1. Test D300 against the criterion of being surrounded by fewer than 16 Cβ atoms within 10 Å (Cβ to Cβ), at pLDDT below 95 and over 20 Å from C173 (Cα atoms), and give yes or no.
2. Residue pairs, Cβ under 7 Å, 6 or more apart or interchain, first in region 21-36 and on the phi > 0 side of the Ramachandran plot, second of a type in the set (A, V, I, L, M, F, W, C) and part of a strand (DSSP E or B). List them.
3. Answer yes or no: is there a residue in region 151-165 that is in the same structural domain as E340 (by TED's automatic domain parsing) and farther than 22 Å from P321 by Cβ.
4. Considering each residue of region 221-241, count those that are in contact (Cβ under 8 Å) with a residue 40 or more places away in the chain, of a type in the set (A, V, I, L, M) and assigned to a loop (DSSP other than H, G, I, E, B), and give that number.
5. Of all residues in region 127-183, count the ones that are in a strand (DSSP E or B) and aliphatic (A, V, I, L, M).
6. So in region 221-253, with the set limited to residues that are among the hydroxyl-bearing types (S, T, Y) and at pLDDT below 95, which one is surrounded by the fewest Cβ atoms within 10 Å (Cβ to Cβ)?
7. Under 6 Å by Cβ, and 6 or more places apart or on different chains, what pairs join a residue from region 187-200 that is more than 15 Å from L143 (Cα to Cα) with one that is among the small types (G, A, S)?
Amino acid sequence: MTAPQNTPSGTPQSTAPAAAPQDIRVGVIGVGRMGADHVERLSRRIKGARVSVVSDYLRETAQTVSESAPGSRVVDTPEEVIAADDVDAVLIASPGQFHRDQVLACIAAGKPVLCEKPLAMNPADAYDVVRAEHESGRASVSLGFMRRFDAGYGELKDALEAGELGTPLLLNCKHRNADVPPGFTNVHMVYDSAVHEIDAISFFLEEPVVSVQTIIGRSSENAPEGLSDPMLLLLRTASGTVITDELYVSTRSGYEVRTELVGSQGAATIGQETGLVTTQQAGGRWGGAVPADFRPRFVDAYDAEVQAWIAAVADGSLVAPRSATTWDGYVAAAVCEAAEQSLTADGAVEVSLLERPGPDGARDER
């Protein structure tokens, strides 16, 4: 190494190159379809991160995925991932029934975590995570509602925050799939499909849903036996904004997600084309095309979500701006529970929420 040289003022100055920032070492729990996608994303497209440890209940699957992430190793259990000295942050893509305990373990270990939805399988378990994060004294959990990082969703959020559309009056959502896996039921329609629009309500309107009603009509001949498809959810917020969510998951024609916000000063639509389509007093704009399935439709959103998470871990903020939080996960669980109850109820079902912990623990802003 070259010896330090003296500056004219006599202060020693090293000529050694500055050390490069260390990559965030990520442990991935669950490397099925979504987990494997995230390993590929972290290994090839995300800056400032690398996969260091992977785990899956099928070790051979973990071994195969690990081979695509240079320098990573395989362990047998989620607990080993979370406790590993060579893991700075954890990405959870395991089945939803394991999320509560795995996120709680990350909080206890002091490791920031990005967890795919759901946060938990019911509101009580989700609130356990909210409370544990609050008691830890810092927000460290990001929840994988990737639409928040979609360009069109971001544009619509910006337009709302800027007051361009006036007071939100109606939020109309459409969610369509070409088909669904065997055994898909009306309950899955709520927890696997509608949950994304339910989180979008929190993202765009930043106020609680107070009631939800399910409307079931004629089913498509394409619908699997026992599935009410299409289905309409009618939701209402505390201020009176009305939300419709049209769910049609056996169209046989592809994947579409559309959202229209109708405000007192204009309307804006995303999902018809790439980007934002507006009709306002000052004129509108449009452009683009709708991809055929959720992976090309939201690949950029997934990339942006994970990149923002890695940046937040690196700078110490731990949770990226606009990321879904534990509280958002709890709200989604509570609204989904009410929506499930509404499947067999006559009329609207009220949504019950516990009190939100204060800002001295979990993050209290969005």
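The values are calculated or read from the model by the stated rules, or taken from the named source; none is laboratory data. A quick note: this is a predicted structure, and the numbers were derived from the prediction, not measured. Positions of Cβ are backbone-derived with ideal geometry, glycine not excepted, and every protein chain shown enters the neighbour counts.
1. Yes; evaluated as a whole, the condition is true for this residue.
2. Sorted first by the residue in region 21-36, then by its partner, the pairs are G30/I92.
3. no
4. 1
5. 5
6. Of everything passing the filter in region 221-253, S253 is surrounded by the fewest Cβ atoms within 10 Å (Cβ to Cβ).
7. Partner pairs satisfying both residue conditions: V190/A339.
Residues are listed down the side, and each one gets a yes or a no for (1) touching a Phe, Trp or Tyr at 6+ places or on another chain (Cβ under 8 Å); (2) under 14 Å from E340 (Cα atoms); (3) of a type outside the set (V, I, T):
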| site | (1), (2), (3) |
| --- | --- |
| E207 | no, no, yes |
| S211 | no, yes, yes |
| T214 | no, yes, no |
| S219 | no, no, yes |
| G226 | no, no, yes |
| P230 | yes, no, yes |
| L234 | no, yes, yes |
| A238 | no, no, yes |
| E246 | no, no, yes |
